[in-house]
Amino acid sequence: MITTLLLAGYVMITLRSVPPAGQTTARTVGAVALVAWYLLTYRIVQRIALEWLK
């Protein structure tokens, strides 16, 4: 969760430099990237935890 919040902060800072014409597309791509990042890190942490508990 912490890495997702850090990535969200980075994406928000980066989106400030995008011209107004591309803001909608940039926000959509950023949101999809954040969701994908969260799901991937969740699955990785879950797998590591399960292996560690065995």
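Laboratory data are not the source of any read-out in this text; all were calculated from the coordinates shown. From a predicted model like this one, the values you see are computed outputs, not experimental measurements. Cβ sites come from the backbone with ideal geometry, for glycine too, and all protein chains shown count toward neighbours.
Based on the Cβ-Cβ distance from residue 10 to residue 50, what FRET efficiency comes out when R0 is 25 Å, to the nearest 0.05?
The calculated FRET efficiency here is 0.25.
Per the Kirkwood treatment, what hydrodynamic radius in Å, one decimal, follows for the chain from the mean inverse distance over all distinct Cα pairs? Spell out each step's value before the answer.
Numbers: mean 1/r = 0.0800 Å⁻¹.
One over the average 1/r among Cα pairs gives 12.5 Å for the chain.
Let me have the 222 nm mean residue ellipticity of the chain computed from DSSP H runs of 4+ only, each contributing -39500 (n - 2.57), with the sum over all residues rounded to the nearest 500.
-29000 deg cm²/dmol
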